[in-house]
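Q: Below you will find the structure I want to go over with you.
What follows draws every value from the coordinates through simple rules; no lab data is involved. Because the structure is predicted, anything quoted here is derived from the model rather than measured. Every residue, glycine as well, gets a Cβ built from its backbone with ideal geometry; the counts of neighbours run over all protein chains shown.
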Amino acid sequence: VDQRLLVERAQRGDHDAFATLAGGAVARLDAAARLILRDQELARDAVQEALVRAWRDLPTLRDAERFDAWLHRLLVNACLDLVRRRKRRVVEVELTPLFTPSAADFSGGVVDRDLLDRALRALEPDWRAIVVLHYYLGMPLPEVAADLGIPLGTAKSRLHRAMSVLRSTVVGGVPDETSSALPEGRPA
Amino acid sequence: MTPIDRFERALPTALTDLADPRTPDYFTDILGLTARTRQRPAWASLERWLPMADTISRSTSVPRLPWRSLGVALILLALLIALVAVFVGSRQHRLPEPFGPAANGLVAYANGGDIYTVDPATGVASAVVTGSELDARPTFSLDGSKLAFLRQAAGPRVDLFDVFVAGSDGTDARVVSTDPVPPDAVIMWTPKADSLLVAADGRLVRYGVTDAPQRQVIAENVLVRSGELRPPDAAQILYEPDATPGVDLWIMDIDGSNARPLLPASALTGSQYDLQIVRWSPDGTMIAFTCGAEAAPTTSHVCLVNADGSGRRWLTDESPQVFESDFVWSPDSRSIAFNRWATGGLQAPQACGDGGGIFPIGVASVADGTVRDVGAPPVCDGALFDWSPDGTTILSLPPRLFGSTDPTAAPARPVAIDLVTGTSVELPWEVTSDITWQRVAP
C-alpha cells in the first residue's frame, strides 16, 4: 500500500493505517534509539514517546511525503530529551570491561562490535545522534542539521570530530590529527 | 584506500550489525497506548490564537448590558485608546542609537512556528505573528522599531524560507526577499532599519524594506557572518572568500567596492577555529574573532585586532588549554562574554557527560584581559547567550536552540545572569528558539 495513502488515512484517524506505518518503522526506530542511547529501556521509552506523539500530532503534518523524516526527528528529539531528563535525576556510573586497544582490520569491511560499542559510548548522545542519523538512517547532513536544530557547519564539525573519536578507538591509534573531540564553537 | 576510509565505508554495516534491528516485543503495547490517545485536530494550532469560546460568549452576553452603561464604557474606552495612541506615538519618535547601550525592550522568540514577544521583567508573553505558516528566527532592528523573521516558503522544499519584515508588534508583515533562503541565512539590519543584508549560499544581498521590494546583489562568492557589518554607519563589511572560509579575513565597502585583505592567512595560525566567529565591537574600533593557538592547536581563543588590522592579540591570558568560543560584545564595547571549556584531549565528551569540563561564562575586560566568572556553569555544550541592551544582564539558553527553525523543539527557560552580582536565576517563561532583544530609547 502506498505510504502516502496510509499517512493520509492515519491523519484522518484510521488507527489501523497508523499501525501499518508504525509496524514498518518500529524496528528501525528501536535500533536507532538503542544506538543513540546505548540503553535498552531508555530506547523503549524513546520509541514509545516518538510513536505516541506521531499518532497524536499526525493531523498537523503538512506534507505526507515527509512522514519518515518527521518520525526520525520525533525519535531523535525523544532520545535527547530523555538524556537531558536523566542527567538531571542521577549521575550513573557505567562499568565497562577492561579493554586493550588494538589495530582493527577492515580489509573485509568488518568492524569489531565491542570496539564500536565502546567508541560510541565515548561520544555525547548529541554526537551519537548525528552519527546514527547520517550513517545508520542514511539522512543527508543538511537534513540532520535541520532535525537537530543546528547549523549545517556545526553538524559537519561535530560529525567530523565524532568520526575522529570513533576511528581513534576502533582503528586503534590512528586518530585524525586535524581534529579532536572537543566542544566546538558555533559558526556565527 | 586508507584504514580511515575503510572504517567510514564499513560503518553503516557495523552500526546495523551492532543494533541488530528487529521488531521489539513492546510494539503491541505502544499500539494499545496510541489507540487510547486522542489525535490533535489539524487546526489545533490555530485554535490557540482564536478564542472562539470567548468570542461566542461575549456576543451572547451583549444584549443583557444596559445601553447607557455600554455607551459610557465605549466613550471611556475610546478616550483610553486615544491616550495610549498619543503616548505610543510620542515614544515612537524616540528611537535609540543603533549601537551602544540602550534601554531594555521586549525579547522576541519563535515558538511552534509563530513569533512571540515577552516582557522579560514580567514574563507576560504575546503572540505577535501567528497563522498556519512556519515562522522562525525573529530579529529586531537595531533601533527596535521593526522585526525581521523567516517564513517557510511555498513549494516542495521545507528547508527554504522567505524573509519577512513587520513592525515590532508584528503588524504589517510583508515579504521582502525575492529568492528563498536556507534556514541558516545570516540576516543583518542596517542602522536606519531601511534595509536588510542577507547572506546565504555565498551571496550577499541587500533588500530594501521601506518601499517596494528592492534587491541589490552586493557581492558573490563571499562568506559573511553575523556581526560583520561595521558600526556605527555600516559603511564597511567583513567577509571571507567563500571557497576558503576561515583562512583569511577581508573587508569591503558596503556597495561591494574596495575589497582588500584585512587579516591575511599569515596573520592567523591555520587552525580550524580561526574566524569561526567574527564580530565588530559596537563602537566600530575593534574586531573580535576566534583563533587557534600554535602551542595548542586543538583549542580556540578569543582574539582582538584593531579596525585597520593592526594590533592582533589574545583577549585573555587564560591557559592555552582553555577553549574559548561563542563570544558576545557588551553594548559599551568594554567587555566580551564567552563560553569556556577545559580541554581534555579525546576524552572531553565523556567528561562533559556529567557536567564536567565546562566553566561558567567568562566576562573579560577588553582593556586588560582580566576574566571573571558569571552565573552557574551552563550545560556541557556551553550556552547560547545575549547581552541586554542596558548591559546589566546576560540571558543564557541551551545552544541547541541556536538558529533553530524547528517548531517542535523542546522548550527551555532562559537563565538571567546579573552582571553586577554574578548570580543567575532561571526565568519563569519558556522559549523554543534563539532570542532577540529589543533596544529602546533610555
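Q: Where does each of B:Thr244, A:Thr60 land when they are ranked from fewest to most other beta-carbon atoms within 10 angstrom?
A: In increasing order of surrounding Cβ atoms, one gets B:Thr244, A:Thr60.
Q: Can you figure out the FRET efficiency of B:Arg174 with A:Asp114, using R₀ = 60 Å and their beta-carbon distance, to the nearest 0.05?
A: 0.50
Q: What base-10 log of the normalised intensity I(q)/I(0) is obtained for the stretch B:87-214 from the Debye formula, alpha carbons as equal point scatterers, at q = 0.10, 0.17, 0.22, 0.23 Å⁻¹?
A: Log10 of I(q)/I(0), two decimals: -0.31, -0.91, -1.42, -1.50.
Q: Could you give the nm distance between label points at B:Ala441 and B:Gln321, where each point is 7 Å from its Cα heading toward the beta carbon?
A: In this crude label model, B:Ala441 to B:Gln321 measures out at 5.4 nm.
Q: Could you list B:Phe359, B:Phe338, B:Phe149 in order of exposure, starting from the residue whose Cβ has the fewest other Cβ atoms within 10 Å?
A: Neighbour counts put them in this order, fewest first: B:Phe359, B:Phe149, B:Phe338.
Q: Tell me, what is the FRET efficiency for A:Leu141 and B:Val84 to the nearest 0.05, using R0 = 45 angstrom and their Cβ-Cβ distance as r?
A: Efficiency, from the Cβ-Cβ distance: 0.35.
Q: Please work out whether the stretch A:39-83 counts as rounded, prolate or oblate from its C-alpha gyration tensor, where a ≥ b ≥ c are the square roots of the eigenvalues and a/c under 1.5 means rounded, while otherwise a/b larger than b/c means prolate and anything else oblate?
A: The shape class here is prolate.
Q: Also, I was wondering about something else. Say R0 is 22 Å: what FRET efficiency, to the nearest 0.05, do B:Arg313 and B:Val420 get from their beta-carbon distance?
A: Rounded to the nearest 0.05, the efficiency is 0.20.
Q: List the extent of the Cα atoms of the stretch B:240-328 along each of their three principal axes, largest first, rounded to whole Å.
A: 41, 30, 21
Q: Taking amide hydrogens as modeled 1.01 Å from N in the peptide plane, which residues meet the under 5 Å criterion relative to B:Ser141, leaving out close sequence neighbours?
A: B:Lys146, B:Leu147, B:Ala148
Q: Given points 7 Å out from each Cα along the Cα-Cβ axis, report the B:Asp20 to B:Arg372 separation in nanometres with one decimal.
A: In this crude label model, B:Asp20 to B:Arg372 measures out at 5.7 nm.
Q: Ranked by Cβ crowding within 10 angstrom, fewest neighbours first, how are B:Arg36, B:Arg206, A:Arg161 ordered?
A: So the ranking, lowest neighbour count to highest, is B:Arg36, B:Arg206, A:Arg161.
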